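**Q** Here's a structure for you.
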Number of protein chains: 2
Amino acid sequence: MVRQARSEATRRRIIDSAVALINEIGYPASGLADIIERAELTKGALYYHFESKEAVATAIIEEGMDTILGAFRSSGRSGSPAMENIVHGWFVVADAITADSVAQAACRLLRTFGGFNPAAKAAYGVLEAEFAERVRAAVEQGDLQSNIDADAVVATVLASMLGAELVSSAMTDGRDLRRRFARTLEILLPGIVTEDSIGYYREFLARQSMRILPSS
Amino acid sequence: MVRQARSEATRRRIIDSAVALINEIGYPASGLADIIERAELTKGALYYHFESKEAVATAIIEEGMDTILGAFRSSGRSGSPAMENIVHGWFVVADAITADSVAQAACRLLRTFGGFNPAAKAAYGVLEAEFAERVRAAVEQGDLQSNIDADAVVATVLASMLGAELVSSAMTDGRDLRRRFARTLEILLPGIVTEDSIGYYREFLARQSMRILPSS
């Protein structure tokens, strides 16, 4: 058991070292040698746990996505309208990305690999499936426009939020992520929500976007 | 002059080789050795033109962005409303990315590097400035909602389209780019355009999105 704990600690140090480098200088510039040096480990120790730099990236994507999905899932309040949970959920995701360096690195890696890494490609599918559940509930609750294509809403809102995260990361290192999420939802809502509900959700969004502390 | 032409041809071969690899297996997996082998050149020839793999990436970003910006700029019709030029412009950009492998690779590299490469970071700024001009014209022409923040429109629409491109690339290798652009604009328009104009631009968008042939 001691050996297992030590092995787990080594794996953790490799991931933490890679995460720090990816967030500081980006994945392309983070060489395996840099990851080892920062972790104060030998090449052998790294190769015992990971067969390549991409294998480290895959582990980070999986762990970071677990955090992001966990945050989104736990943000759902059973008594609240699904549309509230959608809006609230995105701010919880923003806070999770801001607070968790592994989640932040995972976002960078998703973009870096796109369809070329199975874990990255799968992550898009899982995000879509998770988000689709709430959108379907919002449709059932009559908050979405009657003529709307729910799949188009899922794909478009998800892609728009990923785009907001991408630009926030490139331009401000993620500092204005909440603000960009708020602006994006502000412009998307009128194309999605019924005329009867838009006033309510606009106000709900305004209140959510003003919250400073991480909400969960 | 012969020497200069030959040197330019060598540089071209390096870029084309890197572009093909980046589009086939992604930037992280494309090693300098692979780029040289595919270009049938020596290491020396590559280092004569580029000091590093990232220098090749920078050249691709610059060339690809020139193509994308050129397509967007030339898509503007002086007699047409700015809002038409905005909608039309995005489809022209989609066609440019689909048709031009350097532009496609440049999009992948923008996402890979984000804020970590000066050319990638600059590209976001240039795209924003270019797009902002058309949005400002649409505001002046009274097609945008009176209470709207033009900067928020610019940032949100641009990020949403980049997000659509990102997901299209990851999930379908870019094959459904036009469709994703169309869906995104469909959902964004009601949050941007005045009630008086929305019917007209919805129809304009529907006609644009049905065009199959690249338009310029």
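**Q** Filter region B:160-172 for residues that are in contact with a Leu (Cβ under 7 Å, 6 or more places away or on another chain) and at the interface with chain A (Cβ under 7 Å from one of its Cβ atoms) and give the result.
**A** B:SER160, B:LEU162, B:GLY163, B:LEU166, B:VAL167
**Q** Could you figure out which of (1) touching a residue at least 24 places away in the same chain (Cβ under 8 Å); (2) surrounded by fewer than 18 Cβ atoms within 10 Å (Cβ to Cβ); (3) not aromatic (Phe, Trp, Tyr) isn't true of A:THR42?
**A** So the condition that A:THR42 fails would be (1).
**Q** Return the residue satisfying two criteria in turn: it lies in region B:69-92 and is open to solvent by 10 Å² or more (accessible area, probe 1.4 Å) and under 26 Å from B:TYR27 (Cα atoms), and of such residues it is nearest to the other protein chains (Cβ to nearest Cβ).
**A** The residue in question is B:TRP90.
**Q** Residues B:ALA182, B:ALA137, B:ALA152: which one is among the aliphatic types (A, V, I, L, M), part of a helix (DSSP H, G or I) and away from chain A (no Cβ under 11 Å)?
**A** None of the others qualify; the one that does is B:ALA137.
**Q** Any residue that is under 17 Å from B:MET161 (Cα atoms), assigned to a helix (DSSP H, G or I) and among the aromatic types (Phe, Trp, Tyr) - is there at least one of those in region B:36-50? Even if it seems obvious, please write down each step before you answer.
**A** Keep residues of region B:36-50 that are under 17 Å from B:MET161 (Cα atoms), which gives none.
Within region B:36-50 (the criterion being under 17 Å from B:MET161 (Cα atoms), assigned to a helix (DSSP H, G or I) and among the aromatic types (Phe, Trp, Tyr)), the answer is no, since none of the residues qualifies.
**Q** Also, quick follow-up: Could you grab me the full set of residues in region A:145-161 that are surrounded by 24 or more Cβ atoms within 10 Å (Cβ to Cβ) and under 17 Å from the mean Cα position of the chain (by Cα)?
**A** Correct list: A:ALA155, A:THR156, A:VAL157, A:ALA159, A:SER160, A:MET161.
**Q** Select from region B:192-203 the residues that are under 17 Å from B:GLY142 (Cα atoms) and part of a helix (DSSP H, G or I) and write down the one among them that is most open to solvent (accessible area, probe 1.4 Å).
**A** In this case the residue turns out to be B:GLU195.
**Q** Follow-up. Within region A:163-209, can you find the residues that are farther than 21 Å from B:TYR124 by Cβ, of a type in the set (Phe, Trp, Tyr) and in contact with a helix residue (DSSP H, G or I) (Cβ under 8 Å, 6 or more places away or on another chain)?
**A** A:TYR201, A:PHE204 - these are the residues of region A:163-209 that are farther than 21 Å from B:TYR124 by Cβ, of a type in the set (Phe, Trp, Tyr) and in contact with a helix residue (DSSP H, G or I) (Cβ under 8 Å, 6 or more places away or on another chain).
**Q** Another question, then. In the set A:ARG175, A:ARG179, A:ARG183, A:ARG207, which member is over 29 Å from B:PHE113 (Cα atoms) and open to solvent by 30 Å² or more (accessible area, probe 1.4 Å)?
**A** Among A:ARG175, A:ARG179, A:ARG183, A:ARG207, only A:ARG207 is over 29 Å from B:PHE113 (Cα atoms) and open to solvent by 30 Å² or more (accessible area, probe 1.4 Å).
**Q** Here is a further query. I need a count of the residues in region B:11-34 that are open to solvent by less than 10 Å² (accessible area, probe 1.4 Å) and within 14 Å of another protein chain (Cβ to nearest Cβ).
**A** Number satisfying all stated conditions: 4.
**Q** Give the residue, chosen from B:ALA122, B:ALA137, that is open to solvent by 20 Å² or more (accessible area, probe 1.4 Å) and under 16 Å from A:LEU166 (Cα atoms).
**A** Working: B:ALA137 fails: under 16 Å from A:LEU166 (Cα atoms).
Exactly one residue qualifies, and that residue is B:ALA122.
**Q** Here's something else I'd like to know. Being surrounded by 22 or more Cβ atoms within 10 Å (Cβ to Cβ) and away from every other protein chain (no Cβ under 14 Å) is the filter here, so list the residues in region A:96-111 that pass it. I'd like the intermediate steps shown before the answer.
**A** Of all residues in region A:96-111, those surrounded by 22 or more Cβ atoms within 10 Å (Cβ to Cβ) come to A:96-97, A:102-111.
Selection gives A:ALA96, A:VAL102, A:ALA103.
**Q** Mind checking which residues of region A:120-130 are within 12 Å of chain B (Cβ to nearest Cβ) and either in contact (Cβ under 8 Å) with a residue 12 or more places away in the chain or over 14 Å from the mean Cα position of the chain (by Cα) (or both)?
**A** A:ALA120, A:ALA123, A:TYR124, A:LEU127, A:GLU128
**Q** Starting from region B:48-60, keep only residues that are within 13 Å of chain A (Cβ to nearest Cβ) and under 10 Å from B:LEU32 (Cβ atoms), then list their pairs with residues that are in a helix (DSSP H, G or I) and small (Gly, Ala, Ser) whose Cβ atoms are within a distance under 7 Å, requiring at least 6 positions of separation or different chains.
**A** Pairs found: B:VAL56/B:ALA18.
The values are calculated or read from the model by the stated rules, or taken from the named source; none is laboratory data. These figures come from a predicted structure and were not determined experimentally. Backbone-built Cβ (ideal geometry, glycine too); neighbour counts: all protein chains shown. The accessibility values were calculated without ligands, DNA or RNA, using every heavy atom of the protein model including side chains. Shrake-Rupley method; radii C 1.70, N 1.55, O 1.52, S 1.80 Å.
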